[in-house]
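Following: one structure in structure tokens, then a few remarks.
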Amino acid sequence: MKSPIRVAVTGAAGQIGYSLLFRIASGAMFGPDQPVILQLIEAPIEKALKALEGVAMELDDCAFPLLHGIVQTSDPAIGFKDANWCLLIGAKPRGPGMERADLLKDNGRIFTAQGKIIDEVAAADARVAVVGNPANTNCMIAASHAKRLPADRFTAMVRLDQNRAQSQLAKKAGVPLAAVQNIFIYGNHSPTMFPAFAQATIGGKPAPAVIPDLAWLQGSFCETVGKRGAAIIAARGASSAASAANALVDHVRSLVTPGAIHSVAVKSNGAYGFDANVWAGVPVRTTTPGSYEILTGHAMDDFAKSKLAATNKELTDERALVAELLG
Ligand code: NAD
Ligand code: LMR
């Protein structure tokens, strides 16, 4: 048996937390032979901390053999102490009629404080995955406050968008999900994101050859994926939670699996025209557990280039809006 790793989770008593923690403890995120200690962090609000107690009781009651300990705290210095993975979920979700960027003012500050404290107290090999919206920019804010941990340790989640895109393509083509491969998300986790359908394959063939309907691919497909979060809020009255937790399991699982190729928002290296100082969704290949290289060789046509330019502009605009929060 391996020695346990410490996994810090913020917003642990929230909706996503409730769908996520049981999957981490069951081994779905780090594998069936990797014990974990869950370090659960909540806001210093009585109701939230009480709810967290209930979640911890339920975790106990599952008798997960891989769960070697639970820490419950509202003190980030305790919650992030020696953490190998920091999953930053705790933040306000948007309501109907809002864009994710509308959350910047309320949520941005959380990531300033957490970036600093993670840098001070987390393990030397710490990795950070940001889910709280707007995820790309919050991740940039957190990373900007780290002096010890390099920027490539900070990633934001666009995996939910990748999963949504894969599912939409499979439905349209009438094939099983696994037949759809190489669908990657570029840019912001927002309606400007670009699901690059021309690179995707369906049953080994280029997606546009299997779905010869360019108007659908450029129009309804991109729009459905880009606005899926809002559609779920409109239908459910609350933002996606189980699918977001599932995507975070996929995000981390792929990042700890050498050879995995998947979409992650990472600090741009200028590839695909992204500003070098934003966190943009790109395809990456996991090299060693927790490390990755950006795949830069994908050709882009004029339509793709215009989508990339639009999502890059939104990211640089968000960056300008939070200039005073950057370290
Ligand atoms: P929620 O309101 O159910 O839960 C959030 C929890 O975070 C609450 O329990 C709250 O007390 C806690 N919290 C707030 N500030 C905190 C802090 N400083 N430290 C620790 N905990 C804190 O919300 P949710 O549905 O779980 O969503 C959480 C975030 O994830 C939202 O910002 C939402 O928009 C975002 N989200 C992102 C994606 C994505 O794909 N990136 C998908 C779904 C949701
Ligand atoms: C999503 O994509 O479902 C989340 O980012 C929640 C939201 O606000 O859309």
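The values are calculated or read from the model by the stated rules, or taken from the named source; none is laboratory data. What you are looking at is a predicted structure, and each value in this text was computed from that prediction instead of being measured. In this analysis, Cβ positions are derived from the backbone assuming ideal geometry, glycine residues included, and neighbour counts consider all displayed protein chains. When the accessible area is computed, the model is the full protein with side chains, heavy atoms only, and any ligands, DNA or RNA have been set aside. Shrake-Rupley method; radii C 1.70, N 1.55, O 1.52, S 1.80 Å.
Each residue was assigned an accessible area with a 1.4 Å probe, and for Lys205 the value is about 120 Å². Rolling a 1.4 Å probe across all protein chains gives Leu295 an accessible area of roughly 30 Å². For the chain, a Gaussian network of Cα nodes joined below 10 Å ranks Gly11, Gly297, Gly273 by mean-square fluctuation, and the top entry is Gly297. A simple charge model with +1 on the Cβ of Lys and Arg, -1 on the Cβ of Asp and Glu and nothing else charged puts the dipole of region 159-323 at about 360 debye relative to its Cα centre. Derived scalar couplings between HN and Hα for region 268-277 equal 5, 10, x, 4, 6, x, 6, 3, 5, 10 Hz in order, rounded to whole Hz, by the Karplus curve 6.51 cos²θ - 1.76 cosθ + 1.60 (θ = phi - 60°), x for Gly and Pro. Largest GNM mean-square fluctuation among His68, His145, His262, using the chain with Cα springs under 10 Å: His68. The candidates Arg6, Arg164, arranged from most to least accessible area with a 1.4 Å probe in the full protein assembly, appear as Arg6, Arg164.
Close amide H contacts of Val278 (hydrogens built in the peptide plane, cut-off under 5 Å, sequence separation of 5 or more or a different chain): Ser268. Under 1.5 on a/c is rounded, so check that first for region 192-327, then, if it is not, pick prolate when a/b is larger than b/c and oblate when it is not; a ≥ b ≥ c are the square roots of the alpha carbon gyration tensor eigenvalues. Note, shape of region 192-327 comes out rounded. When only the Cβ of Lys, Arg, Asp and Glu is charged (+1, +1, -1, -1), the dipole of region 20-59 relative to its Cα centre reaches about 80 debye.
The local environment of Ala151, defined by Cβ-Cβ distances under 13 Å, has a net charge of +3 under the rule Lys, Arg +1 and Asp, Glu -1. Using only side-chain charges placed at the Cβ, +1 for Lys and Arg and -1 for Asp and Glu, the dipole size of the chain relative to its Cα centre rounds to 380 debye.
Less than 5 angstrom separates the built amide H of Asn188 from those of Met193, Phe194, Gly281, all sequence-distant by 5 or more or on a different chain. When the alpha carbon coordinates of region 5-156 are projected onto the principal axes, the ranges are 40, 37, 25 Å, largest first. In this structure, the pairs whose alpha-carbon distance is over 18 Å, taken from Lys105/Lys147; Lys171/Lys205; Lys172/Lys205; Lys81/Lys116, are Lys105/Lys147.
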